[in-house]
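Peer 1: This structure is in structure tokens; I'll ask about it shortly.
Read-outs: derived from the displayed coordinates by stated rules, not from any lab. All figures in this text were calculated on a predicted structure; none of them were measured in a lab. All Cβ positions, even for glycine, are placed from backbone atoms using ideal geometry, and neighbour counts span all protein chains on display.
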Amino acid sequence: MLRRAAGRGLGAPLWAVVGRGRSGEAGSPERGPRSARAPRIYTRTGDEGFSSTFTGERRPKGDRVFEALGTTDELSSAIGLASELSSEKGHAFVEQLHKVQCMLQDVGSNIATPLSSAREAHLKRTSFSEEPVLELEKWIDRYSEQLPPLRAFILPSGGKSSAALHFSRAVCRRAERCVVPLVQAGEADPNVAKYLNRLSDYLFVLARYAAMKEGKEEKIYTKPEP
């Protein structure tokens with residue numbers, strides 16, 4: 001049985017395919033005679049510029065649902081890069097970033113399930129609660145208590161880990177801007193927008209924390225001379 005739950009990442013529609021792979025031909029050097037053939041990465045179903053939501057709707061790829069999905073995927077990728085750079089420095093918060101990436105998969109599931117066409121079975125699988133939002137708030141408070149007061153505007157800086165986290169924060173803000181219209185139209189859960197809003201705050205605080213732990217200087221905004 002093969003279950004495909006997210007297509008090619010968050011940027012692709014969610015769907016489930018149940019079936020059996022075709023067994024490999026006898027004598028194949030890559031596979032034994034009874035092994036299953038791996039599914040192909042490409043499906044050709046989007047060649048005409050349309051893709052599917054988890055509810056089965058076919059929508060243009062320029063639809064705001066797919067714009068939000070793609071930006072959420074980009075956000076997860078940016079956080080993945082920040083996580084790798086932070087791991088090289090031995091930061092303990094890397095596990096939190098991995099959990100955030102997992103939560104973004106759930107964010108994508110909710111976005112890909114427009115409430116206007118969702119059935120009860122869809123909603124049970126893709127609902128998004130307030131609990132992850134509250135967890136982010138706890139993390140924000142924990143790191144904020146350890147940071148020096150912010151008395152000026154800072155620029156994305158403070159070493160590679162910090163700069164990558166600042167970049168993730170900026171992508172997160174864009175993902176939030178993509179999701180808010182869906183929430184306002186009643187197509188996505190409000191907790192998804194709340195999560196992205198808190199996540200951008202978390203990434204900002206974490207960027208400052210990473211700079212502090214690495215002993216890197218945060219660059220301060222100064223008004224350029226005329």
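Peer 1: Give, rounded to the nearest 20 debye, the magnitude of the charge dipole that region 60-214 has about its Cα centre when Lys and Arg contribute +1 at Cβ and Asp and Glu contribute -1 at Cβ.
Peer 2: With only Lys, Arg, Asp and Glu charged at Cβ, the dipole is about 300 debye.
Peer 1: Give me the distance between the Cα centres of region 116-155 and region 31-99, rounded to whole Å.
Peer 2: Each part's Cα centre sits 20 Å from the other's.
Peer 1: How large is the Kirkwood hydrodynamic radius of region 92-219, counting all unique pairs of alpha carbons, in Å?
Peer 2: With all distinct Cα pairs of region 92-219 included, I get 15.6 Å.
Peer 1: Once you have the Cα-Cα distance between R151 and E131, take 0.36 nm times their residue separation minus that, and quote the gain in nm to one decimal.
Peer 2: Value of the extension gain: 4.0 nm.
Peer 1: Follow-up question, since we're still on this one. Relative contact order, percent, of region 60-214 when contacts are C-alpha pairs under 8 Å separated by at least 6 residues?
Peer 2: Working: 180 pairs, mean separation 53.1, N = 155.
Relative contact order comes out at 34 percent.
Peer 1: With no solvent and one equal point scatterer placed on each C-alpha of region 45-133, evaluate the Debye formula and give log10 I(q)/I(0) for q = 0.15, 0.26 Å⁻¹, two decimals.
Peer 2: One equal scatterer on each Cα of region 45-133 leads to -0.67, -1.25.
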